[in-house]
Structures are given as C-alpha cells and as structure tokens.
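Here is the structure we will look at.
The values are calculated or read from the model by the stated rules, or taken from the named source; none is laboratory data. Please read these numbers as outputs of a predicted model, since none were measured by experiment. Glycine also receives a Cβ, built like all others from the backbone with ideal geometry; neighbour counts cover every protein chain displayed.
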C-alpha cells in the first residue's frame, strides 16, 4: 500500500494513501513519540487479506489498527435507499488518489481524493505542513455529485494508546455537556443514558466521577462511549500524558462536527473483536451521535443532508503539546 510522509523538524506524519488516506502515524520528534494509537500486528490491505466471510456488518473491526480514519457516510451498518453500508462507511477501506501539490523548504502539501463505490460522493482533503511549525493543517470537502439529496454522517476517527497513555491522561476540551451511550456492555465506567455537565459524570454505581481523568493502563479495565457537545463555533481539545506532560491537540469547525465521541476501550471487552488485548482512547469529531435507528435519525434531521450538487467544506488543525 502506498504511503506519503510529511515531515519537518518537529513532527513526522504518515498518510496511508493506499488505504483510506489514514493518518497512521503522528510522531512528535523531540520526544520520538507517536501520539496516535498503533495496535500490535500488521496494517492489513483489505484488497489482499480478508476473512473467510466477507462483507459483514462490522468488517471495519477486522482491519482496525488505530490511527486516524476519515469515516463516512455512516457509522452503523444499514441499508440506505438500496445501498448497503458497513460499519463506518467505505472510504477507510479503499485506495485514494493523491497528488503532491507542494514540496518546498517552506511548505509540503498533499491532496487526496476518492469516490466511494456505493455513494454519489466526492471526498477531498489537502494536508499541509509548514517549516518550523508543529501544526498539521487539513482542509476537507465532501460533494454530492448526484441530482438527489444524500444523508450522511461524517467523522474523524482519531484514537490514542500505548505508550503515549501508559501513565494515564487528562482531557481538556471546551465541551459543555456529556451524554453516555445507552447501548454499551456491562463492563463500563459511566452510567448509561445520562446527560451531565462536562466533566461531571456518574459511575455505574451512581457515584460522582471526573470524566476528564483517564486512569493509568494498569488500573481497572472498562469499555465506554459518551458524546460531548456544546462547543460553540470552534472545538478544541488536548489529551495529555499527565506524567510526561506531552499531549495531542485538535481544533475543528464545531458548526459542522457538533459532537465528539469519547470512546474508551481499556482491555474491557474480552470477546470479539478486541479479545481483552486492546487499549484505545478516542476523541472523534462527528456530525451526529451514533444512532441505534439510522432511518429514524435521518427522519428527525439528525444527519447531515447534502442537496443535489452541494459541497460541504471544513478544516482541522492537529498538533503536539509539550509542557515538559
């Protein structure tokens, strides 16, 4: 699979253009630390390595290695107007076209684009890194190339793990509310279906908790999912290793990505797909929450609707944080 590297003296960023145009590595060079999740094992090519039964509802999990995926046009698997979508859409699984549009001493810039097979969409993003700057700039767009409307979810699946979070972490985010997902397993941290003021939370035992605190790796296993909201026009977060005082920061357009999915899988799931081996903390900007009834969510107007020939544009900044 083809890879493009963008690099300056501060960060090194790997883009897997041969599969999803994922950002599979975001390395802060002064600490020689990859801030994104990288699970053990190879990064598999879905075009060459596949399970016995293909096209299952959760096929994305067969190939999940961590990193940062562009996820659209959905999260749950369902049939949208005759087109069957698997988990987290199709864009993550297929090669993207790309062009290096700038490669100078002052700036490097990569454009990636794709037309997923089961949608009338054109997805584009331009990733730019400038000299002596730790900030990665991403400008993205999705265009509906059809003569009818198209309903969609659009998310940035950004996850973190070892060794970055081994000592535990704190999350600073300008959210106002947290709503816990009702449909999670029993081995969870937060009481399901509860809305609180961030970072206040209730545990499954009904005790007060600070949701911005992530325990060290060797503490109690659990799995959880919550939705953070109330950002205003611009969303901002940092996730910091509290011991090393090094972290990852993100800024995004919260008028488009109104929610951040706060997913925590801390060795809590002993069955498929994680088998008790996975430690992942994700803070994912999304256009909507994950619906148990996609058709109902669309009817209620919760999904992003693109009119015929309409284009939505947005931008994101990602950067290391060093308070050491």
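Structure notes:
- Within the range 174-202, the set of residues being under 23 Å from the mean Cα position of the chain (by Cα), under 18 Å from residue 266 (Cα atoms) and assigned to a loop (DSSP other than H, G, I, E, B) comprises 181, 183, 184, 185, 187, 188, 189, 192.
- With respect to being crowded, with 18+ Cβ neighbours inside 10 Å and either out of contact with any helix residue (DSSP H, G or I) (no Cβ under 8 Å at 6 or more places or on another chain) or part of a strand (DSSP E or B) (or both), residue 205 falls outside the description.
- Selection count where residues are buried (at least 16 other Cβ atoms within 10 Å of the Cβ) and within 13 Å of residue 177 (Cβ to Cβ), scope the range 189-202: 4
- In the range 81-88 there is at least one residue that is closer than 22 Å to residue 292 by Cβ and under 16 Å from the mean Cα position of the chain (by Cα).
- Selection from the range 210-253 of residues that are touching a strand residue (DSSP E or B) at 6+ places or on another chain (Cβ under 6 Å), surrounded by fewer than 21 Cβ atoms within 10 Å (Cβ to Cβ) and over 16 Å from residue 281 (Cβ atoms): 229, 230, 236, 251, 253
- Scope the range 49-82; condition at pLDDT 90 or above and surrounded by fewer than 15 Cβ atoms within 10 Å (Cβ to Cβ); matching residues: 79, 81, 82
- Scope the range 129-173; condition in a loop (DSSP other than H, G, I, E, B) and over 28 Å from residue 225 (Cβ atoms); matching residues: 131, 132, 133, 134, 135, 145, 146, 147, 148, 149
- Qualifying position, being at pLDDT below 95 and surrounded by fewer than 15 Cβ atoms within 10 Å (Cβ to Cβ), among 40, 30: 40
- Summed over the range 117-167, the residues that are modelled with pLDDT under 95 and closer than 14 Å to residue 20 by Cα give a count of 1.
- Residues within the range 87-128 that are on the phi < 0 side of the Ramachandran plot, crowded, with 21+ Cβ neighbours inside 10 Å and in contact with a helix residue (DSSP H, G or I) (Cβ under 7 Å, 6 or more places away or on another chain), tallied: 3
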